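Report on the structure given below.
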Amino acid sequence: MGELTNTIQQRLSDAYDSLRTARDAGDDLLVDAQEAEIDDLRRTAADHGIDLPRRG
């Protein structure tokens, strides 16, 4: 696995953890920010041909 793939997977894992925490806390602004981060990371992965499993 390449460096970019590893980095995206780690950042996605962190973003999903933060998203879960934000939802639990009722922090709608952070939820929106984390959802945008996840979308951006997934788009970057797709642009580079990196296939990622769905998670949510």
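The values are calculated or read from the model by the stated rules, or taken from the named source; none is laboratory data. Bear in mind that the values here come from a model prediction, so they are computed numbers and not experimental data. Every residue, glycine as well, gets a Cβ built from its backbone with ideal geometry; the counts of neighbours run over all protein chains shown.
Scanning region 4-55 for residues that are in contact with a Phe, Trp or Tyr (Cβ under 8 Å, 6 or more places away or on another chain) and of a type in the set (G, A, S) turns up nothing. The residue pairs whose first member lies in region 31-56 and is within 12 Å of L12 (Cα to Cα), whose second member is modelled with pLDDT under 95 and surrounded by 13 or more Cβ atoms within 10 Å (Cβ to Cβ), and whose beta carbons are closer than 7 Å, counting only pairs six or more residues apart or on different chains, are R42/L52; A45/L52. When region 1-13 is filtered for residues that are surrounded by 11 or more Cβ atoms within 10 Å (Cβ to Cβ) and of a type in the set (G, A, S), only S13 remains. Here R55 meets each of (1) over 12 Å from the mean Cα position of the chain (by Cα); (2) outside any helix (DSSP H, G or I) with one exception, condition (1).
Say whether the condition of being buried (at least 16 other Cβ atoms within 10 Å of the Cβ), without any contact (Cβ under 8 Å) to a residue 24 or more places away in the chain and within 12 Å of the chain's Cα centre (by Cα) is met by at least one residue in region 14-29. Scanning region 14-29, I find at least one residue that is buried (at least 16 other Cβ atoms within 10 Å of the Cβ), without any contact (Cβ under 8 Å) to a residue 24 or more places away in the chain and within 12 Å of the chain's Cα centre (by Cα), so the answer is yes.
Please go through region 1-13 and pick out each residue that is among the charged types (D, E, K, R) and under 11 Å from the mean Cα position of the chain (by Cα).
To start, the set of residues in region 1-13 that are among the charged types (D, E, K, R) comprises 3, 11.
R11 - this is the single residue of region 1-13 that is among the charged types (D, E, K, R) and under 11 Å from the mean Cα position of the chain (by Cα).
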